[in-house]
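Derivation of every value follows stated rules applied to the coordinates shown; laboratory data play no part. Computed from a prediction, not measured in an experiment: that's the story for all the values here. Positions of Cβ are generated from backbone atoms using ideal geometry, with glycine treated the same way; all protein chains shown enter the neighbour counts.
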Amino acid sequence: MFEQTFKNIDDILHKDAGCSSELDYVEQTSWVLFLKYLDDLERDRATAAELTGKSYTPIIDAAYQWTVWATPKGNDGKIDYHNALTGDDLLDFVNNKLFPYLKKFKLSADSADTIEYKIGEIFSELKNRLQSGYNIREVINLIDELRFRTHAEKHEMSHLYEDKIKNMGNAGRNGGEYYTPRPLITTIVKVVAPKIGDKIYDGAVGSAGFLCEAFAYLNKPGLSTKDWEILQKRTFYGKEKKSLAYIIGIMNMILHGVEAPNIIHTNTLAENLADIQEKDRYDVVLANPPFGGKERAEVQQNFPIKTGETASLFLQHFIKILKAGGKAGVVIKNTFLSNTDNATVAIRKTLLENCNLHTVLDLPGGTFTGAGVKTVVLFFEKGKPTQKTWFYSLNPGRNLGKTNPLNENDLAEFLELQKNFADSENSWTVNVKDIDQNTFDLSVKNPNKKEEAALRQPQAILEEMKALDDESAEILNSILELI
């Protein structure tokens, strides 16, 4: 149901002059989808209040409720097109009444950890890009057919929304920054194994994939009311610099079931590390910071080890913001393990001295669609120095890519062996005292990998080329004789 609807919506958006890429499709689908989701949420809340004999005050005023402006219906349950806005009337209502009304929620909400405040934030950042009121009407009609009432419906919708975000991440502009493959996120969460009561943080939150997966991991049947409230309000924290990713992240979390995610729109790296106090720290860090970016000199001043490489600054931030005993799973370029520039060496030394880097997962090329870099995942705990690091080199036995992505089966052996840090054909352990104490080089060199066959000598290659030339000449001569 959801999948075909999303495809049909994309077809409509493709025709609209205001939408030019997958990024626009996701953004525009998102705000309409969100308002329909909100309407279903309000109906659920009203029903729950009725069952307990309480009254329910809707979040959205009557004139701006989905069933009034978007889909007024007759007694037959079908949209009443005599009273439903369309064309220029609908476009005018959305741009000049609906969005300004929803924007005001940010000012009128009781506090930042409410769904009202998040509604205000979303519609302060988003714009309606659709230029045709008739296209808006078609999108509304399609989305109105979707239901988000049961757990199964919400689950299916959130997964398909993830697929749309994945397409957005691969759309070229900012490609790869928004989307980390879901099987990899699931695996990282399982290894880090957060528990209820932990404060979980992603300082490069993007579309909030790590936080959504951590919520799914912790949201087990039979949670007490207290645990549920902790999960909703005091567990998930994130920061995001880019406007669209920030809004998509908030909506992704709300659509996954976290009503008021603690995600802030800010440049994480603008925070001075010296200002971080104990109250600011987290129990768990899960992140895939952007790599390859360059930060300005004034941002670098916030860090004890100066470098323009964004990922290296993020790693310093994560080490500092973890509580003692806190756990982390962080994706980073594999060159971090071996680069010999002063900054990288100093950060590796800091990591090994202040944290137990217990596991390094080496990922094959193609793990991140469209990104040509190789990556590793660092798993560490803060508070005691590293003595041994267990390495696992993932070898899926095929080339990964858009049509052949990473899956959970590929990571099953890693998860199993990691429990006991077991050695295998793909895994081994390194003693930190045995590595170079000047460079702290942690390059991934699998000692169990069979040596490749030695390359042939140039002389032998040239002789074979000459023999092939002679053979070709002989064949040509025999053909000429036949003519």
Mean residue ellipticity at 222 nm from the helices of the chain, using -39,500 (n - 2.57) per DSSP H segment of n ≥ 4 over the full residue count, to the nearest 500 deg cm²/dmol? -13500 deg cm²/dmol
What is the distance in Å between the Cα centroid of segment 2-41 and that of segment 316-338? 36
5 Å is the cut-off here: which amide hydrogens, built 1.01 Å from N in the peptide plane, fall below it relative to residue 388, excluding neighbours closer than 5 in sequence? 432
Taking Lys and Arg as +1 and Asp and Glu as -1, residues besides residue 419 with C-beta under 12 Å from its C-beta add up to -1
With +1 on each Lys and Arg Cβ and -1 on each Asp and Glu Cβ, how big is the dipole of segment 161-434 about its Cα centre, in debye rounded to the nearest 20? 280
Give the Cα extents of segment 161-434 along the principal axes, in whole Å, largest first. 49, 43, 40
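Any idea what diffusion coefficient segment 183-340 gets from Stokes-Einstein, in µm²/s, Kirkwood Rh on alpha carbon pairs, 20 °C, 1.002 mPa s?
Roughly 133 µm²/s, to the nearest whole number.
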At 37 °C and 0.692 mPa s, the Stokes-Einstein diffusion coefficient in µm²/s for segment 74-148, with hydrodynamic radius from the Kirkwood sum on alpha carbon pairs, is 235
Determine the equivalent ellipsoid of segment 200-286 by diagonalising the alpha-carbon gyration tensor, then write out the semi-axes as square roots of 5 times the eigenvalues, largest first, rounded to whole Å. 23, 16, 9
Tabulate in residue order the Karplus-calculated ³J(HN,Hα) for segment 63-70, using 6.51 cos²θ - 1.76 cosθ + 1.60 with θ = phi - 60°, rounded to whole Hz; enter x for Gly and Pro. 5, 10, 6, 3, 6, 9, 8, 8
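Out of every Cα pair in segment 362-417, what percent are spaced more than 19 Å from each other?
Details: 570 of 1540 pairs.
The answer is 37 percent, as a whole percent.
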For the chain, alpha-carbon Rg and Dmax in angstrom: 27.1, 103
Given the pairs 118/320; 73/127; 306/349; 294/333, which are separated by over 24 angstrom at their Cα positions? 118/320; 73/127
How high is the relative contact order of the chain, given as a whole-number percent (alpha carbon pairs under 8 Å, six or more residues apart)? 11
Read phi for every residue in segment 457-468 and hand back ³J(HN,Hα) as whole Hz from Karplus 6.51 cos²θ - 1.76 cosθ + 1.60, θ = phi - 60°, with x for Gly and Pro. 6, x, 4, 5, 5, 4, 5, 5, 4, 5, 4, 5
Over all Cα pairs of segment 242-324, the Kirkwood radius sets Rh, and Rg/Rh then becomes 0.99
Give the aspartates and glutamates whose C-alpha is closer than 13 Å to that of residue 374, dropping any in the same chain fewer than 8 places away, or say none. 362
Antiparallel DSSP bridges in the chain: what percent, to the nearest 5? 55
Using only the alpha carbons of segment 319-416, what is the convex hull's orientation-averaged projected area in square nanometres? 7.1
From phi via Karplus (6.51, -1.76, 1.60), per-residue ³J(HN,Hα) for segment 348-362 in Hz, x at Gly/Pro: 4, 4, 4, 4, 5, 7, 9, 9, 8, 7, 7, 9, 10, 9, 8
Lysine pair count for segment 181-241 [Cα-Cα under 24 Å; pairs on different chains or 8 or more apart]: 16
Loop-only check: which GluC sites (Glu not before Pro) in segment 5-113 are DSSP coil with at most 15 other Cβ within 10 angstrom? none
Out of residues 5 or more away from residue 383 or on other chains, whose amide H comes under 5 Å of its own, with H placed 1.01 Å from N in the peptide plane? 325, 355, 356
For segment 338-483, how big is the tail of P(r) above 20 Å, as a whole percent of Cα pairs? 64
Using every Cα-Cα pair within segment 2-149, state what percent have a distance larger than 28 Å. 19
